[in-house]
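Just below is one structure, and these are the notes that go with it.
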Amino acid sequence: MKGLLAYLWLALLPVLPGEVNSNACTYAGSNISYIRKQTQNAIDAHKLNMVHYYAYKALNAIEKSKKQFKDCGCEYAQLSIEEGENNLKKAVRVTSLLSSRILLEKAMENTQGSLEALQDHDEIHISEYGNDMLAMNTNNLKQPKKSFQPTVGKKLESKIDSSLVSFQNSLNKVVQTVECKEAQDFVLRIFERCELQLLKTNLTEGKRYYNLRTKEIAAKALEDLSNTCLQEQ
């Protein structure tokens, strides 16, 4: 079984076939899950130095995500995350744990509002000119940005999805056969590794999409493991 876990780690080092066009809204939304987690860690902390530690991690993630928010073009999501950033900065300046938590709770609300705005924004991108007949009748209207429906990008995404099939099958085997706690720790490391990779600003779009899909696969495995572990208790 150790060999299977080692194989899965090796499977996370792909040779990507090129670039894939950006889907900035998706990546910004993915980064928010990391920002929320660090903010929640700060809220749960019982010492100010740990509050500051986690709050700075959330602030650093926001800073690294600003380009994705800008490229996405969702004004409300950008304003909400900026307000969350302001509340996080205030939280590390105050000297009492209670005051810090109040500001952190506000930052969490801002972050959740940003995520919901991104989800609504993404639905607009999916539905806009989604019907071929509608597109034929709107030739005189402003056309959607080509970056949202790139032919080359979709082909590359398909290749990356195909390359992850064996990884997903092996991860499913881990869920089914490895002792619950060990499997959870292993999959969580994959999930967190992808989160950290997605915060990098110098990733190629192919590597960004690869880490996004790997993170989604790991998240599903963690959900399955949670149900399995409950049954074993």
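Bear in mind these aren't lab numbers, they're just calculated from the coordinates by the rules spelled out. In this text, all values refer to a predicted model and were calculated from it rather than measured experimentally. Quick reminder, even Gly has a Cβ in these numbers, built from the backbone with ideal geometry, and neighbours come from all protein chains shown.
Brief remarks follow.
- Order by protection proxy (mean Cβ within 10 Å, highest first), peptides 82-92, 174-184: 82-92, 174-184
- Using the Karplus relation 6.51 cos²θ - 1.76 cosθ + 1.60 with θ = phi - 60°, the per-residue 3J(HN,Hα) values for the range 55-64 come to 5, 5, 5, 5, 4, 4, 5, 4, 4, 6 Hz, with x marking Gly and Pro.
- Equivalent ellipsoid semi-axes - Cα gyration tensor, the range 148-233, angstrom: 28, 14, 9
- Ranked list, fewest to most other Cβ atoms within 10 Å of each Cβ, for VAL94, VAL51, VAL165: VAL165, VAL94, VAL51
- Residue-by-residue Karplus 3J(HN,Hα) for the range 44-52, coefficients 6.51, -1.76, 1.60, Hz, glycine and proline x: 7, 5, 9, 10, 4, 5, 6, 4, 5
- Each of the peptides 96-106, 40-50, 215-225 was scored by the mean count of other Cβ atoms within 10 Å over its residues; in descending order, highest first, they stand as 215-225, 96-106, 40-50.
- Dipole of the range 164-210 computed with +1 at Lys/Arg Cβ and -1 at Asp/Glu Cβ about the Cα centre; of VAL175, VAL187, TYR209, farthest Cα towards the positive end is TYR209.
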